[in-house]
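Computed from the coordinates by the stated procedures, all read-outs in this text should not be read as laboratory data. The structure displayed is predicted, hence computed values, not measured ones. All Cβ positions, even for glycine, are placed from backbone atoms using ideal geometry, and neighbour counts span all protein chains on display.
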Amino acid sequence: MSNSEILAVDAGIRLCDVDGFVAGEMRRFHPEGMDAIVVCNLDGEFYAVDDDCTHAIASLSEGRFEDGLVICPVHGGSFDVKTGEAMKRPCRKPLRTWPVSIINDAVWINASER
Ligand code: FES
């Protein structure tokens with residue numbers, strides 16, 4: 001998904017269509033004015049967290065998404081996508097989470113607190 005397809009309305013940012021975003025998939029987005037985020041489809045429910053690992057320098061979107069956890073590609077730490085909680089060391093600090101809504105068959109995040 002290119003950034004040109006991202007639509008922002010008030011605090012809501014439309015990221016992509018739900019169609020084709022399958023369960024078990026994660027995607028990276030970089031809305032203007034924000035750090036990159038990762039959106040995950042966990043059994044039909046969508047969750048968004050920051051893309052930057054809190055341990056060191058790594059893009060979590062280059063890792064794996066398994067059983068509700070985003071797993072860092074660098075040292076293997078992991079985070080719960082629902083809560084952002086660090087689940088495996090060396091990660092300790094939680095990830096920031098973003099509220100996700102499905103509106104008109106599209107995935108939106110609420111970025112009012114960015
Ligand atoms: S950079 Fe992610 S676990 Fe170390």
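Candidates 41, 70, 98 compared by Cα position along the dipole of region 3-100: farthest toward the positive end lies 70, with charges placed on Cβ. Annotation: peptides 68-77, 19-28, ranked by per-residue average of other Cβ atoms within 10 Å with the highest first, follow the order 68-77, 19-28. Full extension of the segment from residue 17 to residue 36, taken as 0.36 nm per residue of separation minus the current Cα-Cα distance, would add 5.0 nm. For region 40-114, GluC sites (Glu not before Pro) meeting the loop criterion (DSSP other than H, G, I, E, B) and having at most 12 other Cβ atoms within 10 Å: 113.
The value obtained for region 3-100, namely the Cα convex hull volume divided by the number of residues, is 94 Å³ per residue.
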